[in-house]
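Engineer: One structure follows; several queries about it will come next.
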Amino acid sequence: MIQSLRQDYRSAELSEKDADKNPIKQFENWFSAAIDAQLYEPNVMTLATADKSGKPNARIVLLKGFDENGFSFYTNYLSTKGKEIKKNPQACLVFFWAELERQVRIEGKIEKLSKEASEKYFHSRPVGSQIGAIVSPQSQIITDRKILENKVEELTNQYEGKTIPKPAHWGGYIVKPTSIEFWQGRTSRLHDRIKYDLINGKWQTNRLAP
């Protein structure tokens with residue numbers, strides 16, 4: 001059954017002449033197309049990290065910003081991903097926009113955003129999300145969901161009408177890319193792959209075999 005699942009990609013193509021010379025601009029073009037296509041949460045991305053021994057791990061997070069400096073997201077610094085990033089500050093991001101038959105892979109170094117940037121984003125979130133960031137000991141074992149629900153109720157009452165302080169264990173990261181690959185599905189599995197590598201401060205572009 002699984003072996004018979006098959007999709008032939010025919011919606012678009014990606015050529016070197018059409019790809020922007022700047023991969024951040026190329027990502028912006030594709031990200032805008034995903035938004036225009038009204039895809040469900042186009043900022044969903046897979047974040048892959050590894051521990052100090054090289055054991056890989058991956059999970060879904062949400063992109064919250066990008067520019068020439070890199071790609072940003074927010075999380076609990078004490079989570080499994082946070083501990084892995086501290087020991088091994090390398091990461092890979094993957095976007096897959098199935099409806100557009102497109103994928104983007106981003107590899108690079110990862111570091112914390114400034115406290116000011118994290119504070120600003122934290123206070124832009126809905127109150128429930130702010131409280132959730134305080135309440136959840138992310139990735140740790142808990143005996144009952146009620147523990148979280150009771151704490152949420154307690155803090156909701158405590159901070160009613162007040163500014164909620166950002167917890168020290170929560171904030172942003174930025175992945176500073178050293179390579180970015182754009183994949184466009186094509187017929188007969190002869191996909192287009194254009195890869196950008198940052199070499200001596202300049203982006204170099206190559207086509208990869210599918």
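The values are calculated or read from the model by the stated rules, or taken from the named source; none is laboratory data. Everything numeric here is computed off the predicted structure, so don't read it as measured data. For neighbour counting, all protein chains shown are included, and Cβ atoms are generated from backbone atoms with ideal geometry for every residue, glycine included.
Engineer: Could we say that Ala50 is assigned by TED's automatic domain parsing to the domain that holds Arg186 and in contact (Cβ under 8 Å) with a residue 60 or more places away in the chain here?
Structural biologist: So Ala50 fails the test.
Engineer: Given (1) surrounded by fewer than 16 Cβ atoms within 10 Å (Cβ to Cβ); (2) touching a Lys or Arg at 6+ places or on another chain (Cβ under 8 Å), where does Gly128 come up short, assuming only one miss?
Structural biologist: Of (1) surrounded by fewer than 16 Cβ atoms within 10 Å (Cβ to Cβ); (2) touching a Lys or Arg at 6+ places or on another chain (Cβ under 8 Å), only one is false for Gly128: (2).
Engineer: Being under 23 Å from Asp197 (Cα atoms), among the aliphatic types (A, V, I, L, M) and assigned to a strand (DSSP E or B) is the filter; apply it to the range 16-57 and report the residue that is farthest from the chain's Cα centre (by Cα).
Structural biologist: Ala50
Engineer: On to the next question. Filter the range 107-122 down to the residues that are farther than 20 Å from Ala91 by Cα and within 20 Å of the chain's Cα centre (by Cα) and list them by number.
Structural biologist: Hits for the range 107-122 are Lys115, Ala117, Glu119, Lys120, Tyr121, Phe122.
Engineer: Can Glu101 be described as charged (D, E, K, R), touching a Ser or Thr at 6+ places or on another chain (Cβ under 6 Å) and surrounded by 13 or more Cβ atoms within 10 Å (Cβ to Cβ)? Steps first, please.
Structural biologist: Numbers: charged (D, E, K, R): yes; touching a Ser or Thr at 6+ places or on another chain (Cβ under 6 Å): yes; surrounded by 13 or more Cβ atoms within 10 Å (Cβ to Cβ): yes.
Against the criterion (charged (D, E, K, R), touching a Ser or Thr at 6+ places or on another chain (Cβ under 6 Å) and surrounded by 13 or more Cβ atoms within 10 Å (Cβ to Cβ)), Glu101 qualifies.
Engineer: Those residues that are surrounded by 12 or more Cβ atoms within 10 Å (Cβ to Cβ), part of a loop (DSSP other than H, G, I, E, B) and out of contact with any helix residue (DSSP H, G or I) (no Cβ under 6 Å at 6 or more places or on another chain), I need them from the range 137-151; list them, please.
Structural biologist: Pro137, Gln138
Engineer: Every residue in the range 95-136 that is farther than 30 Å from Ser188 by Cβ and assigned to a loop (DSSP other than H, G, I, E, B), please.
Structural biologist: Listed by number, the residues that qualify are Leu113, Ser114, His123, Ser124, Arg125, Pro126, Ser136.
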